[in-house]
Amino acid sequence: MPADRLPLLTLLLLPVVALIMTIAGIRSWFRAPSAHRLTLRPDGLQLRIPRNNVAVAWEEVVSAGVEGNRVVLRTSTAQQSSWAAADLASDPVLLAELVTFYAHRPDVRAEIGAGTLARLRSGDF
């Protein structure tokens, strides 16, 4: 490519790259805050993250744990799911322990909701 054409190509590409970056930035800024969500219910849990939506019963949950900077959810029926520790704006170790606790303790799943906050405050899980 001749050297005199390089500045012209640069001038043409710069606005295109700037437009793409601006659109990507605006999309991420105005993305719904519910794009990452973990919902615990007495009958199971739902994990909603981009490109992955898992809804499983508690009986299907094998474990949850922190591996590196990711939280990993293992189930017996769905493919393993993971999300970055910062995605849910919660302590990843607490979330993993809470999920594992309810997965292994069917007798206390009815308390999920207001009772979960009390259990978190007491540290009994």
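Taken together, the values in this text are just the output of simple stated rules run on the coordinates, not laboratory data. Just so it is clear, the model here is predicted, and its values are computed rather than measured. In this analysis, Cβ positions are derived from the backbone assuming ideal geometry, glycine residues included, and neighbour counts consider all displayed protein chains.
Basic side chains Lys and Arg get +1 at the Cβ, acidic Asp and Glu get -1 at the Cβ, and with that the dipole of the chain about its Cα centre reaches some 360 debye.
Measure nothing but the geometry: give the 0 to 90° angle between the long axis through the Cα atoms of 92-104 and the longest principal axis through the Cα atoms of the chain, rounded to 10°. The angle comes out near 40 degrees. The three principal axes of the C-alpha atoms in the chain carry coordinate ranges of 75, 27, 23 Å, sorted with the longest axis first.
Extension gain, Asn53-Gln79: 0.36 nm per intervening residue step, less the Cα-Cα distance, totals 8.3 nm. With each label modelled as a point 7 angstrom along the Cα→C-beta vector, the Met21-Arg105 pair spans 5.0 nm. With the cut-off at 1.5 for a/c, could you classify region 61-125 from its C-alpha gyration tensor as rounded, prolate or oblate? In terms of gyration-tensor shape, oblate.
Ignoring trypsin sites (Lys or Arg not before Pro) that are buried or in helix or strand per DSSP, and keeping those with at most 15 other beta carbon atoms within 10 Å, what is the longest stretch of the chain between them? Here the longest run is 52-125. In sequence order, region 44-57 has phi-based couplings of x, 9, 10, 10, 10, 9, x, 6, 7, 9, 10, 10, 9, 7 Hz under the Karplus curve 6.51 cos²θ - 1.76 cosθ + 1.60, θ = phi - 60°, and Gly or Pro positions carry x. In the chain, the longest principal axis of the Cα atoms and the axis of helix 6-29 are about 20 degrees apart.
Distance between the pseudo-spin-label points of Glu97 and Leu12 (7 Å out from Cα toward the beta carbon): 6.0 nm.
Applying 1/(1 + (r/R0)^6) with R0 = 22 Å to the Cβ-Cβ distance of Leu117 and Asp43 gives a FRET efficiency near 0.70.
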